[in-house]
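What follows draws every value from the coordinates through simple rules; no lab data is involved. Since the structure is predicted, the reported quantities are computational estimates derived from the model, not experimental observations. Note that we place each Cβ from the backbone using ideal geometry, even for glycine, and neighbour counts take in every protein chain shown.
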Amino acid sequence: MGKKFWNWVENQEGRTLYFDGYIAQDSWFEDDITPKQFKAELSDGNGDISVWLNSPGGDVFAASQIYTMLKEYEGKVTVKIDGLAASAASVIAMSGDEIHMSPVAMMMIHNPSTVIFGEAEDLKSGISMLSEVKESIINAYEQKTGLSRTRISYMMDSETWFSAKKAVELGFADEVMYEEGGEEISDGFIFDKVTVTNALIKKLPKPKQTDSYKEEGTPYDQLQKRLDLLKY
């Protein structure tokens, strides 16, 4: 196999697993070696483990299998998000018995995506597959947060970002790191790509109807087209 996307460190405090970067940058799905090696290294020890997570996401099938392996682990699993847990990495985060986030960390959830080639039937099969993958991801979020599947689905549709405090408030995390216990969780923020884009469009000043702005390719015209594409 190629370079591993995970790393184990053992010290006096116990076993620590690091995910720092893209999940399964080489291969995992239909790979007989990588999943077995990860499982072997996970099982090559006992006791509680800490999982440090800073990843933009990656292969959803790898994330799903890692999630299951960590849930099956006999010791306590504490996930610590020190930077970003986005996309497939947020699925891995849900495996923790406890999920802690740095006060400057972020979490992002969105719909799964893929590239499909072929005839109409191939595209239909791809759409069906993505729908099933989304339902499986919702299972992990629902089990952790207790939120309704409809609400989670809407947040995934909108590509939603959470601050650490908002993630705790919604149940995606249990604790903001380095804060004294007993403090009320408040002032967290949440935003989604569609809302931010539409708000920017509304605030964008309309140019004066001069000849320079009537021409295709002006900075205003290019920005407007980019924002219109992002709305959908």
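What is the number of the single condition among (1) closer than 18 Å to D174 by Cβ; (2) surrounded by 13 or more Cβ atoms within 10 Å (Cβ to Cβ) that P103 does not meet?
All conditions pass for P103, except number (2).
S95: within 27 Å of L147 (Cβ to Cβ) and part of a helix (DSSP H, G or I), yes or no? It would help to see each step written out before you state the result.
On the way: within 27 Å of L147 (Cβ to Cβ): yes; part of a helix (DSSP H, G or I): no.
No, not satisfied.
Can you tell me which residue in segment 57-72 is farthest from the chain's Cα centre (by Cα), limited to those that are over 14 Å from S136 (Cα atoms) and surrounded by fewer than 18 Cβ atoms within 10 Å (Cβ to Cβ)?
That would be E72.
Counting only residues that are surrounded by fewer than 21 Cβ atoms within 10 Å (Cβ to Cβ) and not aliphatic (A, V, I, L, M), which one in segment 81-99 is farthest from D192 (Cα to Cα)?
D97
What tally of residues in segment 11-29 results from selecting those that are in contact with a Phe, Trp or Tyr (Cβ under 9 Å, 6 or more places away or on another chain) and either closer than 20 Å to A88 by Cβ or among the hydroxyl-bearing types (S, T, Y) (or both)?
Counting residues in segment 11-29 that are in contact with a Phe, Trp or Tyr (Cβ under 9 Å, 6 or more places away or on another chain) and either closer than 20 Å to A88 by Cβ or among the hydroxyl-bearing types (S, T, Y) (or both) gives 13.
What is the one condition in (1) under 29 Å from L130 (Cβ atoms); (2) crowded, with 16+ Cβ neighbours inside 10 Å; (3) not hydrophobic (A, V, I, L, M, F, W, C) that Q37 does not satisfy?
(2)
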